1. Within the set 427/470; 311/492; 311/427, which residue pairs have Cα atoms separated by over 19 Å?
2. Roll a 1.4 Å probe over the protein chains and send me the accessible area per residue for region 439-595 in Å².
3. Calculate what fraction, in whole %, of the accessible area of region 511-621 sits on carbon and sulfur atoms when a 1.4 Å probe is rolled over the protein chains.
4. Over all pairs of distinct alpha carbons, what does the Kirkwood formula give as the hydrodynamic radius of region 365-472, in Å?
5. Could you check how much of the accessible area of region 397-473 is carbon and sulfur, as a whole percent, using a 1.4 Å probe?
6. Highest mean first, what order results for 501-511, 130-140 on Cβ atoms within 10 Å?
7. Express the carbon and sulfur contribution to the solvent-accessible surface of region 155-241 as a percent, rounded to the nearest whole number, probe 1.4 angstrom.
8. Could you do me a favour and compute the accessible area per residue for region 231-354, 1.4 Å probe, result in Å²?
Amino acid sequence: MMPPEEKSPDGGEEGDRASGLVLLQALKSGSTRKGCDPFAQTQRSKLQHRRARINQQINKEMRMRAGAENLFRATSNHKVKETVALELSYVNSNLQLLKEELEELNSSMDVYQNDRLLSSSSESISVPMIPLGLKETKELDLLVPLKDLISEHYGEEGILFEKEIREFMELRQAMRTPSRNEAGLELLMEYYNQLYFLDSRFFPPTKSLGVFFHWYDSLTGVPSHQRALAFEKGSVLFNIGALHTQIGARQDRASLPGLNQAIDAFQKAAGAFNYLKENFSNAPSLDMSAASLNMLVRLMVAQVQECVFEKMTLLRAQHDFLTWLQLAQEAARVEYVYSLVHQTMTQAHVKDYVPFSWTTMVHVKSEHFKALSHYFAAIALCDCPAASDAELPEQEKAFIQFHVTMPEGPSLRILLQDPEERRKLGKAHLKKAIMKHEEAMRIHGLCKILRKMDILQEVLSFAHKRSLSKYSEIDHEEDFFETGDAPDIHPKTHQKPEIKSPNFSQVKVTDLFHRLGPLSVFSAKNKWYPARRVHLMRGENGFGFTLRGDSPVLIAGVIPGGCAAEAGLKEGDYIISVNGKDCKWSKHAEVVQLLKSTGEEGVEIGVITLQGSEAPKAADKKAAAMSSGSGMLKSNKENSRKSLMNSKSASTLLVWSKKSKRSKKSTYGIPFTAVGDNEAMY
């Protein structure tokens, strides 16, 4: 169930300007892609529009500050320095206010939650989760740069590829506003996979395309820009993870299907952030730094563990001693993982970056679940009957591993079979539970943003009152003993979180620039001499060359003194056209048929020659040896398609100090091992 619509949170034309650009682009195109929802008027979409507006203002203020700082350093006039210093103070004040406003937006966790956070049963209250907002980006015009490169590098008319360029730009525009569901994820993944083709086609290793990719930090709004396509790819991958967090937060966790979907979403979010951390380094924005990504992975794992705890409370069919112990250990496990997240958030490189409300929320949850673990331990001891002789061995085995340190007092057998001893230890656990509940409420009260979150206040208050009520129930007036300190509970879970790496093959894509030719040959990494047209007449012994392979067909050999040799054809040339018909994607048999169908007037063949073709010749001989024993191998086209579906090859963007062992094995030569054994003389 989606939250009701609200009035515009910006209250002015300036607030809608950034989001209006996206809407205008959608109007121009006349339609929107599946998974793109630029017209959404939900609270979440308006929150994202406000984030875009604040990002634009932060960018403007930072440019003003940079200009003022340059003037301050350049001038020697004392009066000018005073004026500039005053202006800098004003700009810095504005920046601080904007960053505080953005932090408040990033702390709006309740907007992303499901409407049914509070079910009909007070015991089934779901604590709000922490989602991430999407990174914003500027519109990018690639029409001229790509047309120029097509003309310069591929020797084709750039204007003939305007349709493909515009389709790519429309895809990029659409992925700026993904819908918060599976279709939105597929849209982001589609664009992410298309970047593999864009990198291979248009980003030579020794030349820049001349365009900048602009992205805003997800939490601070600070703009960053780079020419490296890796920055674009990493930012899209970050948004895939962020969208998973929003999908996880929106689930109805009062139901089993909702909990399973939330677990899956947070595990995939952890996988996306972890993949980004392990495969990219030296990111220009803080949200994609190793420290921040490590924190986000731990946060997602903790939220998965919380969902596992909720799932166990939902599924518990019995209320026996062992079930309560398991529930207490699950709660202790949630407390443990949230304490790790809190430690990460308070480290030097992260402390000043993460919103205070996030750090406080994590700290509150850590204390809250520690209190719950002691509460459930008390319920197991006080509400369940003393162990019978038949039950004793199983309960002893479970209780030995229950506490971090064994409680002081009588032996384990006496403790489990004596109701009074059980009540004493249960009372100690309740005392600790109440202390932890009060600590959680105290920490909660320190954060202004969390104080506004009614559902969290409801959760903490209900749990605290429940523990107080139980303590009053088991507290006797004649108790003269001093309640001891209950030992901590050993954390244990029956379902460990799984970090699910992105499955890039989930979304199949086709190279938008397919018409340029097979990627194994017609890529930005390869260089060739200008294409030339050769007119051939058939002699007594044919054309005088040997053909091999397909897509494109290769001239594997030229007979000295033959027609082909006299026309200037060389071994290693690729046939790209026959009598004006494009043959870049043609099979061997198709090219042969075109050659055989020529009459006395001869045939005009278009060919290209790769620069530095000595390496391919050596590889060609190796291919011939391989093909003689193994039959027909896969074509270049199949190999290139297969490479995209491989999760490693879908991320071979090597700028940014990309970590990749595969890069050492890469070569700019042509994979002649991919051609078949269909060599023949013509």
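The values are calculated or read from the model by the stated rules, or taken from the named source; none is laboratory data. Since the structure is predicted, the reported quantities are computational estimates derived from the model, not experimental observations. All Cβ positions, glycine included, derive from the backbone under ideal geometry; neighbour counts span all protein chains shown. For accessibility, only protein heavy atoms count, side chains too; no ligands or nucleic acids. Shrake-Rupley method; radii C 1.70, N 1.55, O 1.52, S 1.80 Å.
1. Numbers: 427/470 9 Å; 311/492 15 Å; 311/427 27 Å.
Among 427/470; 311/492; 311/427, the Cα-Cα distance tops 19 Å for 311/427.
2. Details: 8080 Å² over 157 residues.
Per residue, region 439-595 has an accessible area of 51 Å².
3. On the way: 2550 of 4990 Å².
Ligands and nucleic acids excluded, carbon and sulfur reach 51 percent.
4. Values: mean 1/r = 0.0665 Å⁻¹.
Hydrodynamic radius (Kirkwood, Cα pairs) of region 365-472 is 15.0 Å.
5. Working: 2180 of 4010 Å².
That share works out to 54 percent.
6. Working: 501-511: 15.5, 130-140: 21.8.
Output ranking for 501-511, 130-140: 130-140, 501-511.
7. Exposed carbon and sulfur together represent 50 percent of the surface.
8. Working: 3740 Å² over 124 residues.
That works out to 30 Å² per residue.
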